[in-house]
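> If you scroll down you'll find the structure; I have some questions about it.
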C-alpha cells in the first residue's frame with residue numbers, strides 16, 4: 001500500500017511538473033469580481049472625476065420591480081472588494097438582506113488616492129498636510145446631488161435605505177455625515193475613525209448635536225484596533241465612551257475593539273460585523289442557526 005501511495009504521489013507530481021520555460025511570461029485574463037460593474041462620472045465642478053464600483057444582488061435581474069438598500073463605502077479602490085467578499089457570506093447565512101454595494105473611487109490614469117481622499121474625506125482643514133484638505137461637505141454635495149440620484153434611478157436603490165461605511169479618514173467622514181446631514185443615511189460603519197483630526201473635532205460635533213435636542217434615528221457601528229497607534233486609538237476610545245453619555249434619542253450604537261489587529265487590519269471584521277449590525281432590522285433571520 002505504501003509503495004502504491006508513493007507511486008501515485010510520484011505520478012501526480014510528474015503530471016504537475018511545469019513544461020520547460022520558453023522565456024516568455026504567459027498571459028491570462030485578470031480575475032473580475034462577479035456581479036460588479038464600473039461607472040465613470042463626468043468631471044465634477046471641482047475638477048474631480050469620480051468612479052463608482054457597483055456590486056448588484058443576485059436577484060437583481062430576476063426581480064425587476066424590487067428596490068434594494070444600498071451601502072456606500074469610501075476608499076472603494078481599497079475596500080470595495082473586502083465588502084463584496086463578506087457580503088456573499090452574510091447573505092448565505094441570511095443575517096443581512098440583499099443590498100447594493102457602491103465603492104466610491106476616482107477615475108483617471110494613476111490617481112493620487114492619498115491626496116484625493118485627504119481633501120474629500122476630511123471635514124476640517126488639516127494643517128501641515130501637503131495636499132488640500134477639509135472638503136468633506138463638498139464631497140457630501142456630490143453624493144447627494146449626483147451619485148444618489150444615479151444609483152436610485154439606474155439600479156433601483158431604495159432612497160429610504162442608504163447606508164455608509166469607511167475606515168480611518170473614511171470613518172471620520174462617516175461620523176461627519178451622521179451629524180452634518182443625518183437625513184442622508186440610516187446606517188453608519190466607522191472602522192478605526194480618525195477621531196483625533198482637528199483635536200477631536202468630531203467629538204465637539206457630537207456634543208453639539210446632542211445639545212440641540214434633535215433626534216438622531218440611525219444605527220452606528222464604531223471600532224478601533226487593539227494594536228494601532230496609541231494616540232489614535234485613544235481618540236476612538238474617547239468617542240466610544242462618549243456615546244452612552246450623550247443619551248442621543250434615536251441613535252442605536254455598538255462599539256468594539258478588534259483584538260490583536262493594527263490600523264488597517266480592522267477592516268474585514270469591522271465591515272462584516274458592521275454590516276450585520278446596521279442591517280439587523282432588515283435581516284431575514286437573526287441569532288443561532290436552526291436545524
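The values are calculated or read from the model by the stated rules, or taken from the named source; none is laboratory data. This is a predicted model, so every value here is computed, not measured. Cβ: placed from backbone, ideal geometry, glycine included. Neighbour counts: every protein chain shown.
> Before we move on, is residue 104 part of a helix (DSSP H, G or I) and at pLDDT 95 or above? Break it down into steps so the answer makes sense when it comes.
Working: part of a helix (DSSP H, G or I): no; at pLDDT 95 or above: yes.
So residue 104 fails the test.
> Quick check, is residue 253 under 21 Å from the mean Cα position of the chain (by Cα) and more than 17 Å from residue 170 (Cα to Cα)?
On the way: under 21 Å from the mean Cα position of the chain (by Cα): yes; more than 17 Å from residue 170 (Cα to Cα): yes.
So residue 253 passes the test.
> Looking only at region 1-48, which residues are closer than 20 Å to residue 113 by Cβ, modelled with pLDDT under 80 and surrounded by 10 or more Cβ atoms within 10 Å (Cβ to Cβ)?
44, 46
Per-residue answers, yes or no, for (1) in contact with a helix residue (DSSP H, G or I) (Cβ under 6 Å, 6 or more places away or on another chain); (2) free of Cβ contacts under 8 Å to residues at least 24 places away in the same chain:
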site: 145; (1), (2): no, yes
site: 150; (1), (2): no, no
site: 154; (1), (2): no, yes
site: 163; (1), (2): yes, no
site: 168; (1), (2): no, no
site: 173; (1), (2): yes, no
site: 179; (1), (2): yes, no
site: 191; (1), (2): yes, no
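> Now a separate question. Return the total of residues in region 233-287 being touching a helix residue (DSSP H, G or I) at 6+ places or on another chain (Cβ under 7 Å) and part of a helix (DSSP H, G or I).
Summing the residues that are touching a helix residue (DSSP H, G or I) at 6+ places or on another chain (Cβ under 7 Å) and part of a helix (DSSP H, G or I) in region 233-287 gives 10.
> Considering only residues that are free of Cβ contacts under 8 Å to residues at least 60 places away in the same chain and under 16 Å from the mean Cα position of the chain (by Cα), which ones fall in region 114-138?
Result: 117, 121.
> Any idea which of 165, 206, 194 is surrounded by 20 or more Cβ atoms within 10 Å (Cβ to Cβ), part of a loop (DSSP other than H, G, I, E, B) and modelled with pLDDT of 95 or more? Explain how you work it out, then say what you get.
Working: 165 fails: part of a loop (DSSP other than H, G, I, E, B); 206 fails: part of a loop (DSSP other than H, G, I, E, B).
Going through 165, 206, 194 in turn, the sole match is 194.
> Further question on the same structure: Considering region 49-76 alone, what residues qualify as being in contact with a helix residue (DSSP H, G or I) (Cβ under 7 Å, 6 or more places away or on another chain) and either part of a loop (DSSP other than H, G, I, E, B) or at pLDDT below 95 (or both)?
Answer for region 49-76, where residues must be in contact with a helix residue (DSSP H, G or I) (Cβ under 7 Å, 6 or more places away or on another chain) and either part of a loop (DSSP other than H, G, I, E, B) or at pLDDT below 95 (or both): 74, 75.
> Go through region 35-48 and give me each residue that's touching a residue at least 60 places away in the same chain (Cβ under 8 Å) and part of a strand (DSSP E or B).
Here is the first cut: in region 35-48, the residues touching a residue at least 60 places away in the same chain (Cβ under 8 Å) are 39-41, 44, 46, 48.
Residues satisfying the conditions are 39, 40.
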